[in-house]
Amino acid sequence: MRASLFPAVVQRTKTTADRVSTHFDEAHTIKDLPIGSLVMVRGTAARKLEPSNVGPFKIVAKIGIGSYALEDHTGAPLPRKYATSQLQLLADTVDENEDYVEIDAILGHRNYRSGKRYHVRWMDGDEGWVAPEDFGSLDIIHEYWDKLNASQN
């Protein structure tokens, strides 16, 4: 009965529904990330000057449709699962030969136009300047700033 009474309204509604459906399908594609790939987790900055992405992390398993289990560079699993929309793919291949060196302490920091750099001492005794995005975890940076703020008070 509707089709015979309001054919223009029915046609317009169908056209609009098709357009909205097409737009939704284009914007919400499910990406399939390969197991073993390196990813960054988006939008985890707790403080204003922290990098907005954290990582890199390795994908170890796919859980259901579009969720992934991750592990850090030490092989420890992350406590929660992440949706595809929260992950940014870094590389298609895993570099198992990449070495990670544990940091003993942060000795100081400098501000450059390109961002902050931290003067660090590694466990093997070497020292160098490192950007915050090159840290495997930001916990040591938080500890450094907490100690620095406590010593100034």
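Worth pointing out:
- Cut-off of 10 Å, at most 14 other beta carbons, DSSP loop: longest stretch of the chain lacking such GluC sites (Glu not before Pro): 1-95
- Less than 5 angstrom separates the built amide H of LYS116 from none of the residues sequence-distant by 5 or more or on a different chain.
- Amide H contacts of LEU90 (H built 1.01 Å from N, under 5 Å, at least 5 apart or other chain): LEU38, VAL39, MET40
- In this Cβ point-charge picture (+1 for Lys and Arg, -1 for Asp and Glu), the chain has a dipole of about 1360 debye about its Cα centre.
- Phi angles across the range 54-60 convert, under the Karplus curve 6.51 cos²θ - 1.76 cosθ + 1.60 with θ = phi - 60°, into 3J(HN,Hα) values of 10, x, x, 10, 9, 6, 10 Hz, Gly and Pro given as x.
- Per-residue ³J(HN,Hα) for the range 142-149, Karplus 6.51 cos²θ - 1.76 cosθ + 1.60, θ = phi - 60°, Hz, x for Gly and Pro: 4, 4, 4, 5, 5, 5, 5, 5
- Relative compactness, the chain, computed as alpha-carbon Rg over 2.2 N^0.38 Å: 1.58
- Cross-link pairs beyond the 23 Å C-alpha cut-off, checked among LYS58/LYS147; LYS48/LYS81; LYS81/LYS116; LYS48/LYS116; LYS81/LYS147: LYS58/LYS147; LYS48/LYS81; LYS81/LYS116; LYS81/LYS147
- For the chain, the mean residue ellipticity at 222 nm estimated from helices alone is -8000 deg cm²/dmol, where every DSSP H run of n ≥ 4 contributes -39500 (n - 2.57) and the total is divided by all residues, rounded to the nearest 500.
- q = 0.12, 0.19, 0.23, 0.28 Å⁻¹, the range 103-153: log10 I(q)/I(0) [Debye, one scatterer per Cα]: -0.25, -0.63, -0.89, -1.18
- For the chain, built as a Gaussian network whose Cα springs stay under 10 Å, the top-fluctuating residue of ARG80, ARG19, ARG117: ARG19
- Distant-in-sequence amide H partners of LYS81 (H built 1.01 Å from N, under 5 Å): none
- In order along the range 112-129, the phi-based Karplus estimate (6.51 cos²θ - 1.76 cosθ + 1.60, θ = phi - 60°) of 3J(HN,Hα) comes to 10, 4, 7, x, 6, 10, 10, 7, 10, 10, 7, 4, 7, x, 5, 10, x, 9 Hz; Gly and Pro are listed as x.
Where a number appears in this text, it was derived from the coordinates with a stated rule and is not lab data. Source: prediction; values computed, not measured. Glycine also receives a Cβ, built like all others from the backbone with ideal geometry; neighbour counts cover every protein chain displayed.
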